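Each remark here refers to the structure printed beneath this line.
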Amino acid sequence: MKKIRPQFVFSNSAEHPNKENTIEKDMATDESSNKRVLITVDEKDRGGPEKLKVTLGEIPVPSNSQVLIQVKACGVNFIDVYHRTGLYPGITEIGKEGAGVILAVGKQVEQFKVGQNTKELMVIPEPLLKTHKEKGYIYAAAIPLQGLTAHYLCRSVYDVGPNDTVLVHAGAGGTGGLLIQICKKILKCKCVITTVGSDDKAKVALQSGADYVINYEKEDFYEKVNLFTKGKGCNVVYDGVGKATWEKSLKCVSPLGRVVYFGNSSGKIPPIDPLELTKQGSVTLVRPNLAHFIATPEALQARAKELFEWIESQQLQIRIGAAIPLKNAAKAHQLIESRDTTGKIVLIP
Ligand SMILES: NC(=O)c1ccc[n+]([C@@H]2O[C@H](COP(=O)([O-])OP(=O)(O)OC[C@H]3O[C@@H](n4cnc5c(N)ncnc54)[C@H](OP(=O)(O)O)[C@@H]3O)[C@@H](O)[C@H]2O)c1
């Protein structure tokens, strides 16, 4: 049989469906609840966190190629903000990842079993759950999107090595904190320079292993990078901040280096004249998306395997900034947009 990449559907009720196309196990169910809680936004009424609604929906019955997960914790990512506001259009159900227990699997799904602890796309290794005990699902929910992103950015978009000097923006954030750790502690690059929005965040970025931290609310990060690199610039610049930083980020790249624009937390980057890349020294500009780097089951498994090895061997630490009840999802959005968070925000159903 052709290996399929299953789709995942989420429920935060313990009830499981009873349809012929799924293989099921008689798990403990919560008879009082046969609905799932959804965080949604109206297509035509988008805007700030206050536009989020907590609604009840039917628990989906997985198709032949789907897996139904009872969610125990959900990760919050900046992409949820883009989906809420419509910057990335077309999505009205907000939230991209969750960790929990498999309630049912479609008949074509071979690689997942009912009762397994899982998060979207990956089975959670048992040692992770055991190490963190009741917090296991929270840690698990915090890993996939930001972890896989940090992985593809420094292993595939640019293969960071011992001779590289790297600039990472928003180094106390979820993705930024992981990028610093991977570049410095695991890939052993020569130097990591990072930017942060406050002095408290600077301490967090230093703990992650950054060599130099710049508070870009107080200091000109381009001048500082110039100083730290003795005018040579950085081999690679990771910029997920966008509008506020892209222009100086481009100036921080060394000739033949690479600037990676991977997000828009401060707003969208305007169109860029390709001649600017020539002026900077024939640099390369990339605007990548995680989806393309985990497009096949093989690509996903290979990335997830290495990522989990780093986490299990404790080379890579997951920082949980806040765990908030799911019904307060708007609060989580308000926090991530206000730049008040470090590490990962997790919602608990
Ligand atoms: N392309 C991809 O495949 C991909 C995948 C995942 C994530 N991303 C992108 O990676 C970036 C980081 O995502 P994340 O989930 O890890 O979030 P995060 O870094 O935990 O939070 C965003 C951070 O951006 C910084 N920031 C600077 N200016 C901001 C502004 N005006 N408003 C809000 N935040 C601002 C803040 O840090 P300071 O206060 O320190 O500046 C804030 O903490 C986002 O742009 C996201 O879209 C891209």
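The values are calculated or read from the model by the stated rules, or taken from the named source; none is laboratory data. Since this is a predicted model, take the numbers as computed values, not measurements. Here Cβ is always computed from backbone atoms with ideal geometry, including for glycine, and neighbour counts include all displayed protein chains. We work out accessible area using only protein heavy atoms, side chains counted, and drop any ligands, DNA or RNA first. Shrake-Rupley method; radii C 1.70, N 1.55, O 1.52, S 1.80 Å.
Suppose the filter is under 24 Å from Val76 (Cβ atoms), touching a Phe, Trp or Tyr at 6+ places or on another chain (Cβ under 6 Å) and within 9 Å of the ligand (Cβ to nearest atom); does Tyr152 pass it?
Values: under 24 Å from Val76 (Cβ atoms): yes; touching a Phe, Trp or Tyr at 6+ places or on another chain (Cβ under 6 Å): yes; within 9 Å of the ligand (Cβ to nearest atom): yes.
When the stated conditions are applied, Tyr152 passes them.
Using beta carbons and a limit of 9 Å, which pairs, at least six apart or on different chains, have the first residue in the stretch 229-244 and in contact (Cβ under 8 Å) with a residue 60 or more places away in the chain and the second one near the ligand (Cβ under 8 Å from one of its atoms) and part of a strand (DSSP E or B)?
Gly240/Gly173; Val241/Thr195
Take the residues of the stretch 282-300 that are of a type outside the set (Val, Ile, Thr), touching a Lys or Arg at 6+ places or on another chain (Cβ under 9 Å) and crowded, with 16+ Cβ neighbours inside 10 Å: which is nearest to Gly171 (Cα to Cα)?
To start, the set of residues in the stretch 282-300 that are of a type outside the set (Val, Ile, Thr) comprises 282, 285, 287-293, 295, 297-300.
With touching a Lys or Arg at 6+ places or on another chain (Cβ under 9 Å) added as a condition, the list becomes 285, 293, 295, 297-298, 300.
Then keep just the ones that are crowded, with 16+ Cβ neighbours inside 10 Å; that gives 285, 293, 300.
Numbers: Leu285: 21, Phe293: 22, Leu300: 25 Å.
Going through the qualifying residues, I end up with Leu285.
Check whether at least one residue in the stretch 206-221 is within 20 Å of the chain's Cα centre (by Cα), part of a helix (DSSP H, G or I) and within 9 Å of the ligand (Cβ to nearest atom), and report yes or no.
no
Can you tell me how many residues within the stretch 301-320 are open to solvent by less than 40 Å² (accessible area, probe 1.4 Å) and under 14 Å from the mean Cα position of the chain (by Cα)?
Looking only at that region, the number is 4.
Anything in the stretch 144-160 that is out of contact with any strand residue (DSSP E or B) (no Cβ under 7 Å at 6 or more places or on another chain) and within 14 Å of Glu306 (Cα to Cα)? List them, or say none. Before the answer, list the steps.
Within the stretch 144-160, the first condition is being out of contact with any strand residue (DSSP E or B) (no Cβ under 7 Å at 6 or more places or on another chain), and the residues that meet it are 147-152, 154-156, 159.
Residues satisfying the conditions are Gly147, Leu148, Thr149, Ala150, His151, Tyr152, Cys154, Arg155, Ser156.
Let's see how each residue does on (1) within 17 Å of Asn289 (Cα to Cα); (2) modelled with pLDDT under 95; (3) touching a helix residue (DSSP H, G or I) at 6+ places or on another chain (Cβ under 7 Å); (4) assigned to a strand (DSSP E or B):
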residue: Lys135; (1), (2), (3), (4): no, yes, no, no
residue: Tyr139; (1), (2), (3), (4): no, yes, yes, no
residue: Ala150; (1), (2), (3), (4): yes, no, yes, no
residue: Arg155; (1), (2), (3), (4): yes, no, no, no
residue: Gly171; (1), (2), (3), (4): no, no, yes, no
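Within the stretch 222-232, which residues are open to solvent by less than 70 Å² (accessible area, probe 1.4 Å) and more than 16 Å from the ligand (Cβ to nearest atom)?
Asn226, Phe228, Thr229, Gly231
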